[in-house]
Structure formats: C-alpha cells, structure tokens
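Following: one structure in structure tokens, then a few remarks.
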C-alpha cells in the first residue's frame, strides 16, 4: 500500500524506530514528517513491495473492576517482506522474514483509531535475494 496520506495517521506524534539489527547504527526517534520520510525512501523508490504479517500478539489486559484502561500496550508479530526493483543490477527481488515488536500509545483526541504506533523494532530471521534493495534500491 502506497497510501502516503493515510499511513501517517497510524503514528504517534513521536515514534522510535529500531532497525539496528538490519541497518546498524542507532535507534531513531522521529517526529512529524520525518516519520514518513523514513519509510518513503523505501516505498517511493521501489517498483513494488509487500508486507505480510501474522501471529499478532497484543499485551492488552482484560478489563476488571478497579483497573484503568492502559495508555500504552506492546504488540508482536511475524512478517514476510518482498521488495521488487526491476532495474536492480544484482537481482530484482529481496525476500525477508522476521519478527517485529511494536508499542502503541492511546491518543483519544487523535484522528482515526486512537491507538497510535510509538515504537517499532525489527528482528530479522532470514534474507534471500538482493539485500541491497533494503538499503539503497536505486543503486542495488
């Protein structure tokens, strides 16, 4: 989905992205437009991409008397990813799979769904194909 209008409504005002296990470096805390610029680099430069998620687990406590609604929850899921760049010199496809850890913050005054993504951490398990598509799709 290349819906660059709707996707930002899923994010908290400030979010931390930890792709250090994939890209190295440090986790990044991004605000405003910088959140979309991070993903736009990949999505706007690739011919096609697909993320299939499964086995979603959300740490959301059961309601009980005397228990208040949480303002933050953790979630985990498995993911398979395919990137395609037809002009890539070293292979046009990259496939990867792994796990993600998310944190969602409750923002009742925000537009749309009040649960907003505030933290994302990737834990890759396997890669096949042209891994350079992940880093620099235009020069892969």
Taking Cα pairs closer than 8 Å and at least 6 residues apart, the relative contact order of region 81-136 in percent is 40 percent
Would you mind calculating the relative contact order of the chain from Cα pairs under 8 angstrom and at least 6 residues apart, reporting the percent as a whole number?
27 percent
Degrees between helix 33-43 axis and first principal axis of the chain (Cα, 0 to 90, nearest 10):
40 degrees
Please compute, for the alpha-carbon atoms of the chain, the extent along each of the three principal axes and give them in descending order in Å.
60, 29, 27
Determine the gain in length on full extension of the stretch residue 99-residue 6; use 0.36 nm per residue of separation and subtract their C-alpha separation, reporting nm with one decimal.
31.1 nm
Net length gained if the chain between residue 47 and residue 110 were fully extended (0.36 nm per residue, minus Cα distance)
19.5 nm
Given the rule -39500 (n - 2.57) for each run of at least 4 DSSP H residues, summed and divided by the residues of the chain, what is its mean residue ellipticity at 222 nm, to the nearest 500 deg cm²/dmol?
-3000 deg cm²/dmol
Stretched out fully, how many nm does the piece from residue 128 to residue 64 gain, at 0.36 nm a residue minus the Cα gap?
18.4 nm
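When each pair of different Cα atoms in region 51-123 is counted once in the 1/r mean, what is the Kirkwood radius in angstroms, to one decimal?
By the Kirkwood definition, the hydrodynamic radius is 14.8 Å.
The numbers here are math on the coordinates, done by the rules we state, and not lab data. Please read all numbers here as calculations on a predicted model, not as lab measurements.
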